[in-house]
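Please treat every number below as a calculation from the coordinates, not as lab data. This one's a predicted model, so the numbers in the text were calculated from it and none came from an experiment. Don't worry about glycine lacking a Cβ; one is built from the backbone with ideal geometry, like all the others, and counts go over all protein chains shown.
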Amino acid sequence: MLMTQLLWICVFTGIGSQAYVEEFNRANSFYMEGEYRRAADVYERLVVEGVEHPVVFYNLGNAYYKLRQLGYAIANYHRAIYLKPNFTMAKENLTTCITETRQKLALPEPQSWGKVFYFLHSSFSPKTVYYLALTIWLGLWAVLAYHSIRPSRMSIVLALFLAILSITSGISAWQKAHPPRLAVTCEPEVPVRYGPGDAETLRFNLYEGDRAIIEEQKDDWVRVATANGDRGWARRKDFLLVGPPYETRTKQETPHNKEGIDKQ
Amino acid sequence: MHRMNLLLTLFVFGILTGTLPAAEVNVYVQPDTVRKGQVFQLIVEARGEQVSEPQLPKIDGLNINTTPNITEDRWSLSPAGQEHIKIRGYRAYAEQAMTITIPPITVEIDGKPEQSKTFQLKILEPNVAEPAQSTTPSTPNKPSSSAGNTQLSWDDLLIAQSEVDKTSVYIQQPIILRLKRLEIRHPRVQVRVYEETEPQTQGFYVTAIDPGTFFPTTTTINGFEYQVTECIRVLYPTQSGELRIEPWECRGAARVRDGLRFIDNELNPISDVLLIHVKPLPPAPESFSGAVGKFQLESSLEPRETTEGVPVVLTLRVQGNGNPNAIGQPKIPEVQNVTMSLSDTTVSQVPNPSEPTFEKVFRYNVTPLKSGEILIPEFEFTYFDPDLETYVPQKSGPFSLVVKPALKSEKRFIDFSKSQGSEQRQVEILGHDINPIVLEISGLSAKHSNRFFTWFAIVFPVAAYSVVALAASRQRKLKSNPSYARFRLAKRRALTKLKNIKDSSDPVGEVYRVLISFLADKLDKAEASLTTSDIEKLLEDSGVNDTLRATVLRILRKCERSRYASASVSPEELDALVQGATAVVTELESHFRSTRC
């Protein structure tokens, strides 16, 4: 507990970054030595501490791939790509993982209204989209202020253009920060039923690494939809949410209820 | 899990009510026509007040699974009392085409053993046409109401089928097995398949055919449309005799909309057993490679010119429809001063819509040990053609190779045994099927909530714009409206002048002018025409209180007296005058502002 507190103090004083890098290097060493479970544990601790870096997720995905836990590997590659959409190595590894799944299900498509924005921001990181939206927003008000000092037709047109752009980029940034609740099956076989309950009739099965959108949650059950339009209810514990927020293998860990990364 | 049946119980699109008399046992088969190897249902239906489980006897010529896959119990009330209808369905098949006598099947009904009628079941050969129904009724006890083909049973919603292109083949001759899954397409029915089992094929070598781009087809059976999903397997018998392709199963679920409610049921269709007669191959020649089917041989030698000690590649391609794994290495004749070693063998599927075709490629390293022209003689590849029922030889080559003499310095040996360990390790590291981890990282820090920054970034520009817009609006009004500008700027001008009053050559007169000018600006009057009496009237009209008005007039009159009486004013008096004027200007400013608003 004390270590956690110290760590958080370090974070705020700027020393934390170095501690994270050391932990990252330690995880890399485990990986290179073939101790994939320990490597995955250390990478996951970084994630639990709040580190959101595409490389950490990518390496974590690799560690899980080596452990033949395809579901966790796929979820972490998705996280890496979400944070860095042009992360080619992660994309390639994700493709490799998908080809090794039993059903090779496609990624569920975004909602129809969201497709427009999806194409706008799919190649940008959430941070880029966020700062772009803020810049456009600032630009809009700067142009309006300029127009109030020196009114002109040009500034009106420019302000109108920036207003449209601002709305678009604002929705895009919001959507990017709140992606669909994509989840990956982490169990070898997950029965999906017509309703939430073990007594319900089996509808279809999902297998490890299959991706689905979580549409609704009722207690311990979630309604999932796959890329080919199949819908049904399955147990929540059988899925890992891609996020954000980022779940880990143990799922209940947060920066506030676990020990510091220095403690093994 | 209870299963429902067309002939017996809840129909998918309606309810069929039975018309059997009380205490009666009926036995029949479904479907009506049964062929050799085909899996069918032997159905026992008993009716009475209290019905026990049927006692299934051993039936010669039939293989019966005594665990019923259809179990249905219905109760209904009739004027005579409660009626129990017990239905049991057993999977069965016959290995021979023959007529089988189904003996009486005993069921205890209401404490008494009741027996079904004996009937003859005719098992047909797979390719024999169905006899006319009127002449050979195979299932006389079957209720007539079930014969209609416009209604569906649960078993009709999902169908598993197995088909082969031939039933009599030679060893290693390819057989195409089509596993078809038929799912009904109906607006009131939703079918989901969640598991399929492969058929057991003991005695066969099996390869799957890549279907390429998948386009499900549709077909119509009894007026109902089905979506057909097909998997193709190529089977190569590895032993002669009678081989069996066991049934394959498909597990799924169906949901049927019946008015406002839904009925769910699990489905478990099963395909037929297929029997294959496998003949042995006739005595083979020496050059027989093991290939059975139709094949073509192609060969090439690249390049045709080389240097002494430098290998060239001899490639042999065998393409055909037979088992690629049964194709042995063609016999290469020995050539003097040349070493030949097999370097690589690959098997791949060749796109061919008409039949599954494979290609097996053998690559040899041909290393000449001496310079000059070397002739590699033709070589023979023999396969067995099952259609012609004979062995077919194929020849390829010869090839000539021009070998140049090597320089002394180029003559070296390649030792594969050394440094193999380190190279193997390197290969392992580089040969990962995924990209390696990233070791360098920058900007690693915990993410903090940027909600405050976001709200600040959203609100700040709006607030800043409001300030700028207000200021700009005021500036524009000051420029465009002189009376507004005079009113707004009057105090500032007056106080500035009062502050610098000591620099003036006529400070008292300046105080007078400052006050007159201030009042003229505030009241939007011409400064030159104003007198003290005018000021008094104007202040009274403006609602200035008596005290303030008196103070203003007192200051103005004092200034007038000092100016016109040429009386000198001491610095203390001037200071008091300026202070009084400053106070008056401030008070008047607040008065005019409040009254203007």
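A simple packing score, the average count of other Cβ atoms within 10 Å per residue, orders the peptides B:300-311, B:470-481 as B:300-311, B:470-481, with the highest score first.
So how strong a dipole does segment A:182-241 carry about its Cα centre when Lys and Arg Cβ are +1 and Asp and Glu Cβ are -1, to the nearest 20 debye?
140
How high is the FRET efficiency between B:N63 and B:E230 when r is their beta carbon distance and R₀ equals 30 Å, given to the nearest 0.05?
Details: r = 28 Å, r/R0 = 0.92.
Taking R0 as 30 Å, the efficiency between B:N63 and B:E230 is 0.65.
Averaged over the residues of A:24-35, the number of partner chain Cβ atoms lying within 10 Å of the residue Cβ comes to 2. Charge tally around A:F57: other residues with Cβ under 11 Å, Lys/Arg +1 each, Asp/Glu -1 each, net 0. Close amide-amide hydrogen proximity is noted between B:L121 and B:I100, B:T101, B:I102, each under 5 Å apart and 5 or more residues distant or on a separate chain (H modeled in the peptide plane; Pro and chain starts excluded). Projecting the Cα positions of B:A528, B:I501, B:S517 onto the charge dipole of segment B:493-533 (unit charges on Cβ atoms of Lys, Arg, Asp and Glu, taken about the Cα centre) puts B:I501 furthest along the positive direction. Here the label points at B:L553 and A:R153, each 7 Å from Cα along the C-beta direction, are separated by 6.0 nm in the simple model.
Between amide H atoms placed 1.01 Å from N, distances below 5 Å from B:T307 occur with B:K404, all of them 5 or more places distant or on a separate chain.
When +1 charges are put on Lys and Arg Cβ atoms and -1 charges on Asp and Glu Cβ atoms, the dipole computed for segment B:226-313 relative to its Cα centre reaches about 460 debye. From least to most packed, judged by other beta carbons within 10 angstrom and beginning with the fewest, B:H277, A:H178 follow the order A:H178, B:H277.
Note on A:73-81: average number of Cβ atoms from other chains within 10 Å of each residue's Cβ is 0. On the basis of the beta-carbon distance and an R0 of 35 Å, B:T531 and B:Q579 show a calculated FRET efficiency of 0.90.
Inside 10 Å of the C-beta atoms of A:141-148, what's the mean count of C-beta atoms belonging to other chains?
Mean shielding count: 6.
Could you compute the net charge surrounding B:Q394? Neighbours are other residues with a C-beta less than 14 Å from the C-beta of B:Q394; K and R count +1, D and E count -1.
+1
Footprinting exposure proxy ranking of A:W221, B:W248, B:W455, fewest other C-beta atoms within 10 angstrom first, gives B:W455, A:W221, B:W248.
Fewest neighbouring Cβ atoms within 10 Å first, the residues A:M89, A:M154 line up as A:M154, A:M89.
How much net charge surrounds B:K294 when only the other residues with a Cβ under 11 Å from the Cβ of B:K294 are counted, with Lys and Arg +1 and Asp and Glu -1? Neighbour charge sum, excluding B:K294 itself: -3.
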